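Here is the structure we will look at, set down as structure tokens.
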Amino acid sequence: MLKKILLLAALLLPVCLVEAHESENGQLSIAHAWSMELPPNAPTVAAYFVIRNTGTQADRLISVDSPIAGAAQLHEHVNQDGLMKMQQVETVDVPAAGTLTFAPMAYHVMLLDLKDRSKLTTGQTFPLTLHFEKAGDLSVQVIVQKQAPDDAPPHNH
């Protein structure tokens, strides 16, 4: 009987991870939410994900928050005079019938003033809430990984 229970739990684990990895609210969906494991003294962490807009109207990501951080900021990388530079942005436009990828060296969320570092080790998850101008709030569980996922989509913005 114990073997059957363990087998069932092992079979259901991928389903649970998929559920924690995606979220949907009307025309918008968030998928592939992930973050890198932190060294013990790192002051910030970045979160990445893919926003899909299946609707006919554009939307705008206006802010993000997480209970594991005192502040969350939208950032992007830009090439300035031949050097890559990270800068904060106030909002991020999500095109109608389009996909927007938050990835290393592209748009990303910076979590500052970290409060709960126990959620930032490989295999753990933490909540992230995205606030959209039209679609409202959309929450997703971010999976912490040792390295970028092999199936991480290329960035585009």
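The values are calculated or read from the model by the stated rules, or taken from the named source; none is laboratory data. Being a predicted model, the structure only gives us computed values, none of them experimental. All Cβ positions, glycine included, derive from the backbone under ideal geometry; neighbour counts span all protein chains shown.
For ILE30, the criteria (1) under 15 Å from the mean Cα position of the chain (by Cα); (2) within 20 Å of GLN147 (Cβ to Cβ) hold in every case but one, which is (2).
Of all residues in region 134-149, those that are more than 22 Å from VAL94 (Cβ to Cβ) have Cβ atoms under 7 Å from Cβ atoms of residues that are assigned to a loop (DSSP other than H, G, I, E, B) and acidic (Asp, Glu), 6 or more apart or on another chain, in VAL144/GLU37; GLN145/GLU37; LYS146/GLU37.
A quick yes/no check of all residues on (1) under 17 Å from HIS131 (Cβ atoms); (2) over 13 Å from the mean Cα position of the chain (by Cα); (3) surrounded by fewer than 14 Cβ atoms within 10 Å (Cβ to Cβ):
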site: HIS75; (1), (2), (3): yes, no, no
site: VAL78; (1), (2), (3): no, yes, yes
site: GLU90; (1), (2), (3): yes, yes, yes
site: THR99; (1), (2), (3): no, yes, no
site: VAL109; (1), (2), (3): yes, no, no
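For region 51-59, the criterion of being modelled with pLDDT of 95 or more, under 27 Å from GLY123 (Cβ atoms) and surrounded by 14 or more Cβ atoms within 10 Å (Cβ to Cβ) is met by at least one residue. Every test in (1) modelled with pLDDT of 95 or more; (2) within 21 Å of LYS134 (Cβ to Cβ) is passed by PRO67 save one, and that test is (2). Once region 125-140 is narrowed to residues that are crowded, with 18+ Cβ neighbours inside 10 Å and of a type outside the set (A, V, I, L, M), the residue that is farthest from the chain's Cα centre (by Cα) is PHE132. Filtering region 77-104 to residues that are of a type in the set (A, V, I, L, M) and farther than 23 Å from LEU28 by Cα leaves VAL78, LEU83, MET84, MET86.
Among the residues making up region 67-80, those that are in contact with a strand residue (DSSP E or B) (Cβ under 6 Å, 6 or more places away or on another chain) and over 8 Å from VAL109 (Cβ atoms) are ILE68, ALA69, GLY70, ALA71, GLU76, HIS77, VAL78.
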